[in-house]
Amino acid sequence: MSTFFLQQLVNGLTLGSVYGLIAIGYTMVYGIIGMINFAHGEVYMISAYLCAIGLALLSFFGLESFPLLILGTLVFTIAVTGVYGWTIERIAYRPLRNSTRLAPLISAIGMSLILQNYAQLSQGPRQQGVPTMLDGVIRLHLGDGFVQVTYTKVFILLASFAGMLVLTWIINHTRLGRMCRAVQQDRKMASILGINTDRIISLVFVIGAAMAGLAGVLITMNYGTFDFYVGFVIGIKAFTAAVLGGIGSLPGAMLGGLILGVAEAQFSGMVNSDYKDVFSFGLLVMILIFRPQGLLGRPVVAKV
């Protein structure tokens, strides 16, 4: 196995783990209300700006230790993006929950455009960035070549999987998780049993936005640059990952993200990076032709 292939594999896993974090927001919202939050990519975009703002504020007050700096930035970014997720649900979804299925979709697209223009007007149209916070690299020598893994990529992989494990534990082993699963299975029956379904749906939007906030910090650490339009492309990619893995499945969202990230990285390195998006969506089409519910999704059975 060539070192180039292994290097691209590491790059793909890093990118795919972040795709998976963002895809969780899509799959949770769809699983609980059966709708797609097309403003979710812009929540990620907002989190990139919040990451830069958080770093600037903490540095201004003299905090230079990396663990404290990144922890403070994560807490700040995740908390504020959670508020954005809650606001999107209250404005774009809750008033239209009992209307036609098309109305919330149009409302979410409108919210996406509002957030894009809000970021452009408040932060400027120019590309912005943050300095490298974690220096250092691990080199694994294999034969005549080597595979290089930066400390930043190691941190991204660990943080992504830690976030996924914590969320999985919450959904499977806590009272909040049981209520989320109950609302997902039968919203009316859950309401009859005393569950505040409106509150649970709002919390699902908050959790999904928090995962996007975590992804925003990690990608900003890795690439260092962002702009007001960055959420559109990566949002579509994350949505592709959610559908690829089986929308409605949390493990499917992470699996779809990893597969998409690795496939995109290998195609970029071995064929042509200009057509990596075409390849990614082509892979999605092929999966959906042979397995329409996605890799880990459940088949949809029509009700008679």
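A few points about this structure:
- Matching residues in region 60-73 - criterion: being among the small types (Gly, Ala, Ser) and surrounded by 13 or more Cβ atoms within 10 Å (Cβ to Cβ): Gly72
To keep it simple, each residue is scored yes or no on (1) touching a Leu at 6+ places or on another chain (Cβ under 7 Å); (2) over 15 Å from Leu167 (Cβ atoms).
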position	(1), (2)
Ala215	yes, no
Ile234	no, yes
Phe239	no, yes
Leu260	yes, yes
Phe279	no, yes
Leu288	no, yes
Gln293	no, yes
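- When Gly16 is tested against (1) touching a helix residue (DSSP H, G or I) at 6+ places or on another chain (Cβ under 8 Å); (2) under 18 Å from Phe155 (Cβ atoms); (3) outside any helix (DSSP H, G or I), exactly one condition is not met: (3).
- The residue of region 88-102 that is farthest from the chain's Cα centre (by Cα), among those that are open to solvent by 50 Å² or more (accessible area, probe 1.4 Å) and among the β-branched types (Val, Ile, Thr), is Thr100.
- Selection within region 124-165 - within 22 Å of the chain's Cα centre (by Cα), open to solvent by 70 Å² or more (accessible area, probe 1.4 Å) and within 19 Å of Met45 (Cβ to Cβ): Gln127
- The residues of region 208-230 that are touching a helix residue (DSSP H, G or I) at 6+ places or on another chain (Cβ under 7 Å) and surrounded by fewer than 20 Cβ atoms within 10 Å (Cβ to Cβ), listed by number, are Asn222, Tyr229.
- Summed over region 60-112, residues that are more than 22 Å from Ile32 (Cβ to Cβ) and acidic (Asp, Glu) total 1.
- Only one of the numbered conditions (1) β-branched (Val, Ile, Thr); (2) free of Cβ contacts under 8 Å to residues at least 24 places away in the same chain; (3) under 25 Å from Gln127 (Cβ atoms); (4) open to solvent by less than 60 Å² (accessible area, probe 1.4 Å) is violated by Val278, and that is (4).
- The lone criterion from (1) more than 18 Å from Gly25 (Cα to Cα); (2) open to solvent by less than 50 Å² (accessible area, probe 1.4 Å); (3) touching a residue at least 12 places away in the same chain (Cβ under 8 Å) left unmet by Gly85 is number (1).
- Meets criteria (open to solvent by 40 Å² or more (accessible area, probe 1.4 Å) and over 16 Å from Gly216 (Cβ atoms)) for Phe76: no
- Selection status of Gln120, touching a residue at least 12 places away in the same chain (Cβ under 8 Å), among the polar types (S, T, N, Q) and over 20 Å from Gly20 (Cα atoms): yes
- Number of residues in region 169-213 that are of a type in the set (S, T, N, Q) and at pLDDT 90 or above: the value is 5.
- Number of positions in region 103-123 that are under 29 Å from Thr197 (Cβ atoms) and open to solvent by 40 Å² or more (accessible area, probe 1.4 Å): 5
The values are calculated or read from the model by the stated rules, or taken from the named source; none is laboratory data. Note that the structure is predicted; figures quoted are calculated from it, not measured. For neighbour counting, all protein chains shown are included, and Cβ atoms are generated from backbone atoms with ideal geometry for every residue, glycine included. The area values use the complete protein model at the heavy-atom level, side chains included, leaving out ligands, DNA and RNA. Shrake-Rupley method; radii C 1.70, N 1.55, O 1.52, S 1.80 Å.
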